[in-house]
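What follows is calculated from the coordinates using simple rules that are stated; it is not laboratory data. Quick caveat, the model's predicted, so the values are computed rather than measured. With ideal geometry, Cβ positions are generated from the backbone for all residues, glycine too; neighbour counts draw on all protein chains shown.
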Amino acid sequence: MLPSPLQEIRDERFARHGVRLQLKRDDLIHPALPGNKWRKLAPNLRAALEGGHTALLTFGGAYSNHLRATAAAGRLLGLTTIGVVRGDELAGKPLNSSLARCAADGMRLHFVSRADYRHRHERDFTERLLRGTGDHATAREAFRIPEGGSNALAVRGCTALGGELRGRTDVAAVACGTGGTLAGLAAGLGSGQSALGIPVLRGGFLTEDVRDLQRSAFGGRRGQWRLDERFHFGGYARGTPELEDFARDFAARHALPPLERVYVAKLLSGLTTLAEEGAFAPGSTVTAVVTGPR
Ligand SMILES: *Cc1c(COP(=O)(O)O)cnc(C)c1O
């Protein structure tokens, strides 16, 4: 469903400061390829098909939403999918629910040690990894998508998210993993609008990554954007009891489905803190991009 719906949320923690809150419900875009993963994958899938590829090869952690979306896309389009998964301790064990979904969609999973996984950007990495397996020949011909799905095509795909919000908000906020969605969102907004990224990983490296992604997609910096690095809650897939309480309360207060915990709960918690700090001008509208479901 595109454009995805905009939903007004009446929350006193924002209203008290004269701020209007909206949710951009990208979680409703597609049942199998939710949220920003649809926006990022669609241009890559088009390029893969136009290039005559019959397989997709990509990378991710054991709970990667990107791996799951790629597996689902492969099933829907009749493309073979190969997933290189970080963590060789997972090999031979029962699959977690996320990887089980990948496997059910036909994705061929290969587990690699964390040390080896660091070399995933090297050209001959998968060549070496898959030598002697049944997937070696398929992988050589496959269309490759980087970890998290963020390449220039994906970033350009996310400009449509900004386009859908033109004239509808002052600030558009999104939770960041690789920063690809933020890079595209910022580029698609109109003048006078700005994008705010809330990184869910610790480390403080994301500003440079978003710059690099914008450079590769557009040749330089586009749009107004900034990061607030305070709301990672301990790091990727980590959390605190306070975050859990916030997420339950927010969903109950506004009759929403359960908030996705890795990204969306941190985004909404961060925005609520910012509103209470008076970070948004009275009379302004803030839109939180709901990038995914549970
Ligand atoms: C992947 C993902 C993100 C992060 O997107 P990036 O483009 O990597 O920053 C945010 N929210 C959800 C729900 C995701 O699955």
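Computed quantities for the displayed model
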| item | result |
| --- | --- |
| Stretchable slack from H254 to T240, in nm (0.36 nm times residue separation minus alpha-carbon distance) | 2.9 nm |
| Shape category assigned to the chain from the gyration tensor of Cα positions, a/c cut at 1.5 | prolate |
| Estimated inter-spin distance, T54 and L76, nm [label 7 Å along Cα→Cβ] | 2.3 nm |
| Residue exposure sequence - V200, V262, V84 - by fewest surrounding Cβ within 10 Å | V262, V84, V200 |
| Hz values of 3J(HN,Hα) by residue in the range 53-60 - Karplus curve (6.51, -1.76, 1.60), Gly and Pro given as x | 6, 10, 9, 10, 10, 8, 9, x |
| Proximal aspartates and glutamates relative to K37, as straight alpha-carbon distance under 17 Å, when same-chain residues fewer than 8 apart are discounted | D26, D27, D105, E147, E164, E260 |
| Per DSSP, loop GluC sites (Glu not before Pro) in the range 205-274 with at most 13 further Cβ within 10 Å | none |
| Over the chain, relative contact order from alpha-carbon pairs under 8 Å, at least 6 apart, % | 22 percent |
| Protection-proxy order for peptides 152-162, 279-289, each taking the mean of Cβ atoms within 10 Å per residue, highest first | 152-162, 279-289 |
| Separation of the R114 and E276 label points, Cα + 7 Å toward Cβ, nm | 3.3 nm |
| Distance between the range 228-294 and the range 48-73 - C-alpha centres, whole angstrom | 28 Å |
| Residue exposure sequence - R120, R39, R226, R108 - by fewest surrounding Cβ within 10 Å | R226, R120, R108, R39 |
| Peptides 193-199, 272-278 ordered by average Cβ neighbours within 10 Å, highest first | 193-199, 272-278 |
| Sites E127 and E208 - FRET efficiency at Förster radius 25 Å, r taken between beta-carbons, to 0.05 | 0.30 |
| Cα gyration tensor category, rounded, prolate or oblate, for the range 54-141 with a/c compared to 1.5 | oblate |
